[in-house]
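First comes the structure, then the notes that go with it.
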Amino acid sequence: MASPKEKPDTRRLPMMPVRDVVIFPFMMTPFVVGRESSVRALEDALGGDKKLFLATQHDASIDEPSPEEIYKVGTIVSIVQSLKLPDGNIKVLVEGIERARIVSVSDEDGYFRAVVRTAVSKAEAGPVLSSLVSRVTGLFEQYVKLSQNLNYESMVAAVRSDEPAKLADTIGANLQLTIEEKQELLEIFDPLDRLNRVAEMLDIEIEKLNVDRTIQGRVKRQMERAQKEYYLNEKIKAIQKELGRGEKSEIDELRSKIESAGMTADAKEKALAELKRLENMPPMSAESTVSRNYLDWMLAVPWKKKAKEIQDLSHAQSVLESDHYGLEKIKERILEFLAVRHLVKQPKGSILCFVGPPGVGKTSLGMSIAKATGRPFVRLSLGGVRDEAEIRGHRRTYIGALPGQILQMMKKAGTVNPVFMLDEIDKMSTDFRGDPSAALLEVLDPEQNTSFTDHYLDVEYDLSGVFFIATANVLHTIPPALQDRMEVIRLSGYTELEKMEIAKRFLVPKQLEQSGLDTNRLRFLEDGLNTIVRDYTREAGVRNLEREIGNVCRKIARDVVTQAAKAEAAGVAPPVKTKSAGKAKRTEDNSVKIDAGTVGKLLGPPKFRDLKTDRQNEVGATTGLAWTEVGGQILTTEATVMDGRGKLTTTGKLGDVMQESAQAAMSYIRSRAQALGIPRDFYRHLDIHVHVPEGAIPKDGPSAGITLATTLCSALTNIPVRGDIAMTGEITLRGKVLPIGGVKEKILAAHRHGITEVILPKDNEKDMPEVPEYISKDMRIHFVESMDEVLKLALEREIEAVPLAPATPPVDVAASHGDGKVMH
């Protein structure tokens, strides 16, 4: 039982918050002071009576804690020794005197000064206290024996004290407790209560140490058993060596590989079970070959090997810039995608889908991403794949069964995190053998591909680390469920300026190298490349451009070889001029230069006309804009009027949607006949034929609506349509113009064909930032909301409305039915 507390003593001392340590009375504790506020408090104490109040802060990560972030109970200490270190910090040794509680805290000259109150309680001597002291001392001796971190002699000597308060504080300071538990002990002022709490903590710590010792004993026994097994295995190996069977059998090698392959628990269990079956089979049996092939595949696919990913975004940007010209928005999207992967520590697998015309660089972009990230690159072409087993593999019951292409490509990559390109994903088809696109749903779903199951291996395989990139020319052939699993990035066609730069930077050097030439023998001038781009190619990508440049290089290479052979036969130096270059100018270093005139002589007549001089105003002929798999195209629409009975004929292999657009345009014109200057009953004695040239090519879509309506109106009013204007937009029966897609591709096609003005729906004005600025400045873009605006812009002159005919008198009868009988 404790005696009444003595009268509290209040003192005002410099206060220093400490981190990750609780200072107890009677304890000598060294620590380093580095914070400026703590240094000032220490200097104040050293300048006075060397007394300091230390209190632990709640969060050790806070550099400058506020008074509310410091525990209210701390220890008054006496500074025994201080030493200033070379780095400016001060190393001090303090001795705890007594615990105290904070009454108030003030901030003076950049450090805390606290008013603290001490209250010393003394326990009354008696049998209860003696028994408790003996019990705590015995428990602590037992704790020291079990603990490997404390010296037994020094600790036992330290706790030989008759003072309960000092005994409790000494033991509390040496126990392996958390800061919170030590602070709890410090805040107990009564010595008897503090001893009881120390006894409880000692019981808990001793129990923990006993459990640890039991576990260590068990581990030791297991290690002894393992050593015994090792000894016996070594004896077996020695016996086998004496028998001439080699040091290590094939089964042992397979078992060792399985153990070190890093397989999942399920895969490892299945592989070991198959190995056990193989061990019991005759070596020459057919089943033995099947099992061996299965194990070879299990060991061939990567399970844990991971390529080190490059985290430098500037490196990725430089790789993309060096490998591709233009495509700025696409590069930005890729860099943003990579930046997110760098910020997320364990990102899920990524699935991108590049959609665009052929030849714009979809596949090479995937290779650049692999190069930029430092991952291996593998490519799987899905064009023409129609068997689900190509993706998931065949079951082992079939003769010659193999894993699917997914795991075969993973084996080729050799790591669990390659860049995996699924090329031409829109070219897959379906037949009686299954739907490969359905099998890809699991592969391309980040929520499911952590447990992809191949029919051959029949174990779960983790594809979540793979960076999947799919490529396609169109989206409408890809099932919606598969589209939903991919982030679609569209690649538009290149402009003429971009094609010129691509040719200079990439295509010409590549073709010169492949043809065995260099810039000392052949140079392409600006006008020569421009002629090839405009007169010999007309495409969204650059594949045909590369072919034509290669064609020029091969012709020059042939002449170089021919002239060299003739010179060698004549025994003289080869002449400077070549046959093809003889009609071209040469540079000072005698290299052949390809200009506009030379291109025509080497490649023959231009394959495409210069449409800038071919546009004339015609009746019933309108230039529309279309989007195809190879980019934007112009689409001429023609209409002619003949005597007849109101029949509308459409030809040119038009799809259902385009035929319905023609019907909608016809209905609009009939409803607005008088306003358009057309007799109201024109359809009673006229037939109209609408034709879209290039009749062998299927055409469909609603974006030709205003083109069809303009063509019909021009044919019926005999007013020519301007030849320098093109248009695209969907039409409604009320004459409203609705938005369409593929704006950038269509405007690029118009610019490529020399058209100077384009009519677009008003709602497509938001798509203009995608169009290169120099092209939009070179053309006039008209945004319209109704057909009246379209006709005003497209027709050569304004339409004169037909005066309204007198109204027909109303018939005052009910509606007639069938043979004229009145229905009531």
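The values are calculated or read from the model by the stated rules, or taken from the named source; none is laboratory data. Computed from a prediction, not measured in an experiment: that's the story for all the values here. Neighbour counts are summed over all protein chains in view; Cβ atoms, including those assigned to glycine, are modelled from backbone coordinates with ideal geometry. Ligands, DNA and RNA are stripped out before the accessible areas are found, and what is left, the full protein with its side chains, is counted by its heavy atoms. Shrake-Rupley method; radii C 1.70, N 1.55, O 1.52, S 1.80 Å.
Taking the criterion of being without any contact (Cβ under 8 Å) to a residue 12 or more places away in the chain and either aliphatic (A, V, I, L, M) or open to solvent by 40 Å² or more (accessible area, probe 1.4 Å) (or both), the only residue of the stretch 418-446 that qualifies is 432.
Let's see how each residue does on (1) modelled with pLDDT of 75 or more; (2) outside any helix (DSSP H, G or I); (3) out of contact with any strand residue (DSSP E or B) (no Cβ under 7 Å at 6 or more places or on another chain):
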site: 218; (1), (2), (3): yes, no, yes
site: 224; (1), (2), (3): no, no, yes
site: 232; (1), (2), (3): no, no, yes
site: 241; (1), (2), (3): no, no, yes
site: 247; (1), (2), (3): no, yes, yes
site: 257; (1), (2), (3): yes, no, yes
site: 263; (1), (2), (3): yes, yes, yes
site: 274; (1), (2), (3): yes, no, yes
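If you go through the stretch 295-332 and pick out every residue that is closer than 30 Å to residue 268 by Cα and polar (S, T, N, Q), you end up with 0. Of all residues in the stretch 655-681, those that are over 17 Å from residue 729 (Cβ atoms) have Cβ atoms under 7 Å from Cβ atoms of residues that are open to solvent by 10 Å² or more (accessible area, probe 1.4 Å) and part of a helix (DSSP H, G or I), 6 or more apart or on another chain, in 670/683; 676/717; 677/717; 678/716; 678/717. Checking 529, 482 one by one, the residue that is crowded, with 18+ Cβ neighbours inside 10 Å, under 24 Å from residue 354 (Cβ atoms) and in contact (Cβ under 8 Å) with a residue 12 or more places away in the chain is 482 and no other.
Quick check on the stretch 375-398. Is at least one of its residues free of Cβ contacts under 8 Å to residues at least 24 places away in the same chain and either surrounded by fewer than 22 Cβ atoms within 10 Å (Cβ to Cβ) or more than 19 Å from the chain's Cα centre (by Cα) (or both)? For the stretch 375-398, residues free of Cβ contacts under 8 Å to residues at least 24 places away in the same chain and either surrounded by fewer than 22 Cβ atoms within 10 Å (Cβ to Cβ) or more than 19 Å from the chain's Cα centre (by Cα) (or both): present.
Hey, any hits in the stretch 23-31 for a residue that's over 25 Å from residue 172 (Cβ atoms) and surrounded by fewer than 19 Cβ atoms within 10 Å (Cβ to Cβ)? No - not one qualifying residue is present in the stretch 23-31. Being over 54 Å from the mean Cα position of the chain (by Cα) and acidic (Asp, Glu) holds for only one residue in 700, 643, and it is 643. Counting only strands (runs of 3 or more DSSP E) that sit wholly inside the stretch 721-824, not one has at least 2 residues that are out of contact with any strand residue (DSSP E or B) (no Cβ under 9 Å at 6 or more places or on another chain) and at pLDDT below 80. Just one of (1) out of contact with any helix residue (DSSP H, G or I) (no Cβ under 7 Å at 6 or more places or on another chain); (2) closer than 22 Å to residue 180 by Cα; (3) part of a loop (DSSP other than H, G, I, E, B); (4) not β-branched (Val, Ile, Thr) fails for residue 86. It is (2).
Which residues, taken from the stretch 102-119, are surrounded by fewer than 16 Cβ atoms within 10 Å (Cβ to Cβ) and either under 21 Å from residue 184 (Cα atoms) or touching a Leu at 6+ places or on another chain (Cβ under 8 Å) (or both)? Listed by number, the residues that qualify are 103, 104, 117, 119.
Report yes if residue 534 is without any contact (Cβ under 8 Å) to a residue 40 or more places away in the chain, under 18 Å from residue 508 (Cα atoms) and not hydrophobic (A, V, I, L, M, F, W, C), otherwise no. No, not satisfied.
Taking (1) more than 21 Å from residue 139 (Cβ to Cβ); (2) modelled with pLDDT of 80 or more; (3) surrounded by fewer than 12 Cβ atoms within 10 Å (Cβ to Cβ) in turn, residue 211 satisfies each apart from (1).
Checking each residue in the stretch 180-212 for being closer than 16 Å to residue 167 by Cβ and of a type outside the set (D, E, K, R) picks out 185, 186, 188, 189, 191, 192, 195, 196, 198, 199, 201, 202. When every residue of the stretch 529-536 is checked against the conditions, none turns out to be aromatic (Phe, Trp, Tyr) and either under 24 Å from the mean Cα position of the chain (by Cα) or modelled with pLDDT under 85 (or both).
Identify, please: which residue in the stretch 343-356 is more than 12 Å from the chain's Cα centre (by Cα) and modelled with pLDDT under 85 and is, among those, nearest to residue 452 (Cα to Cα)? Result: 346. Here the condition is being farther than 27 Å from residue 509 by Cα, open to solvent by less than 70 Å² (accessible area, probe 1.4 Å) and not basic (Lys, Arg); of 327, 352, it holds for 352 alone.
On inspection, residue 82 does not qualify as of a type in the set (Ser, Thr, Tyr), out of contact with any Leu (no Cβ under 8 Å at 6 or more places or on another chain) and farther than 24 Å from residue 189 by Cα.
Scan the stretch 300-307 and tell me whether some residue there is under 30 Å from residue 400 (Cβ atoms), of a type outside the set (A, V, I, L, M), surrounded by 16 or more Cβ atoms within 10 Å (Cβ to Cβ) and over 29 Å from the mean Cα position of the chain (by Cα). Scanning the stretch 300-307, I find no residue that is under 30 Å from residue 400 (Cβ atoms), of a type outside the set (A, V, I, L, M), surrounded by 16 or more Cβ atoms within 10 Å (Cβ to Cβ) and over 29 Å from the mean Cα position of the chain (by Cα), so the answer is no.
Being open to solvent by 50 Å² or more (accessible area, probe 1.4 Å) and closer than 23 Å to residue 186 by Cα is true for just one of 98, 68, 43, 36. Which residue is that?
68
If the condition is being out of contact with any Lys or Arg (no Cβ under 8 Å at 6 or more places or on another chain) and open to solvent by 10 Å² or more (accessible area, probe 1.4 Å), then the stretch 545-558 contributes 547, 548, 551, 554, 555, 557, 558. Residue 472 fulfils the conditions (1) open to solvent by 30 Å² or more (accessible area, probe 1.4 Å); (2) modelled with pLDDT of 90 or more except for a single criterion, (1).
Being open to solvent by 30 Å² or more (accessible area, probe 1.4 Å), among the basic types (Lys, Arg), farther than 29 Å from residue 120 by Cβ and touching a Pro at 6+ places or on another chain (Cβ under 8 Å) is true for just one of 91, 84. Which residue is that?
Selected residue: 91, the only one of 91, 84 that is open to solvent by 30 Å² or more (accessible area, probe 1.4 Å), among the basic types (Lys, Arg), farther than 29 Å from residue 120 by Cβ and touching a Pro at 6+ places or on another chain (Cβ under 8 Å).
Taking the criterion of being assigned to a helix (DSSP H, G or I) and among the basic types (Lys, Arg), the residues of the stretch 404-459 that qualify are 411, 412, 427.
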